[in-house]
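Okay, so here's the structure we're looking at.
The values are calculated or read from the model by the stated rules, or taken from the named source; none is laboratory data. Remember, predicted model here, so these are calculated numbers, not experimental data. Counting neighbours? That spans all protein chains shown, and the Cβs are built from the backbone with ideal geometry, glycine included. Accessible surface is based on the protein model in full, side chains and every heavy atom, while ligands, DNA and RNA are left aside. Shrake-Rupley method; radii C 1.70, N 1.55, O 1.52, S 1.80 Å.
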Amino acid sequence: MALIRVERGGSVAHITLSRPEQRNAVSSDMIEELVEALGGLAADHETRVVVLAGDGPDFCAGADFAELEVMRSGPGEFDYGVTFEGLLSAISTHPVPVIARIHGAALGAGCQIAIACDLAVVAADAKIGIPSARLGILINFENIQRLVLAVGPKRAGEILFTGRAISGTQAAEWGMANLAVPDAELDAAVGRLAATIAEAAPLSVQGSKRGIGVVLEHLTVDRFTEGHRVADFDMMAAQAFASEDLQEGIRAFRERRKPDFEGR
């Protein structure tokens with residue numbers, strides 16, 4: 001069963017995460033389907049804008065916890081991280097702008113996907129955040145970079161240190177989204193933005209996206225050429241992933257209670 005839907009209507013293409021019974025939790029299979037869909041649209045010269053949305057009441061509530069627990073017993077955590085980073089790269093380097101349509105929850109992996117998109121339109125009452133500190137996990141370095149570039153170091157710190165979600169209205173005020181609107185107006189607002197971009201000169205839009213990408217590349221650390229800068233971070237991330245605190249965080253989340261972390 002397909003985990004996403006792809007719809008092409010003229011110059012605007014829509015990709016919808018379609019796993020509503022799991023709140024569109026991101027699994028390895030979903031990542032694979034998304035990367036394939038983005039690659040197909042990149043080769044379609046008629047597509048000028050891509051809208052990324054979620055089916056059901058949420059955009060994406062995070063990573064698939066069941067898969068996360070399985071990965072703890074083997075080397076899968078590294079594989080998942082590389083695969084997920086490949087998805088975010090496919091979004092950020094896609095030749096045409098990608099607009100995130102955010103409603104309900106955009107947490108963890110869902111928030112990271114939204115940040116990787118070029119633009120975002122959010123429902124004012126959406127819940128957006130990265131609850132890693134409440135689970136006992138550490139997101140990868142590249143996603144911390146994206147968050148800092150999106151909202152600045154102090155607001156990134158508030159998001160990551162507290163694990164609290166912010167509203168769509170606050171996300172727009174902080175620069176994580178372009179526009180916050182009432183939920184009933186979300187489709188119309190996304191449609192207007194996509195149509196405006198689709199009517200613009202394609203070479204200008206695509207060149208502008210690439211120019212923004214070049215600027216961001218010069219503001220970031222590349223682990224492949226500057227691995228020594230992130231080596232200690234990677235060690236801390238691996239330690240967090242193997243910790244008892246992560247097990248406790250997942251249990252507490254499922255039991256809807258406050259976790260009791262011990263730092264081990």
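Listed values, structure above:
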| quantity | calculated |
| --- | --- |
| Solvent-accessible area, 1.4 Å probe, carbon plus sulfur percent, for the chain | 57 percent |
| Options Phe65, Ile137, Ala194, ranked by Cα towards positive dipole end of the chain, top entry (Cβ charges) | Ala194 |
| Ranked packing of 129-139, 214-224, 197-207, 42-52, most packed first, by mean Cβ within 10 Å | 129-139, 42-52, 197-207, 214-224 |
| Contact order relative to length of the range 144-264, as percent, for alpha carbon pairs under 8 angstrom and 6 or more apart | 11 percent |
| Calculated [θ] (222 nm, deg cm²/dmol) that DSSP helices of n ≥ 4 give over the chain, each run adding -39,500 (n - 2.57) | -15500 deg cm²/dmol |
| Solvent-accessible area per residue, Å², over the range 39-143 with all protein chains present [probe radius 1.4 Å] | 35 Å² |
| Label-zone membership for the range 151-165, site Thr220, 7 angstrom Cα→C-beta point, backbone N under 15 Å | 151-152 |
| Span from the the range 190-241 Cα centroid across to the the range 103-155 one, whole angstrom | 14 Å |
| Cβ-Cβ FRET estimate between Ala66 and Ala201, R0 fixed at 45 Å, reported to 0.05 | 0.45 |
| Nonlocal amide H pairs with Val51, under 5 Å, H built at 1.01 Å | Ala13, His14, Ile15, Ile99 |
| Crossing angle, helix 141-151 versus the chain [Cα axis fit, 0-90 degrees, rounded to tens] | 60 degrees |
| DSSP bridge pairs, the chain: antiparallel proportion in percent, nearest 5 | 30 percent |
| More than 33 Å apart - percent of Cα-Cα pairs taken over the chain | 16 percent |
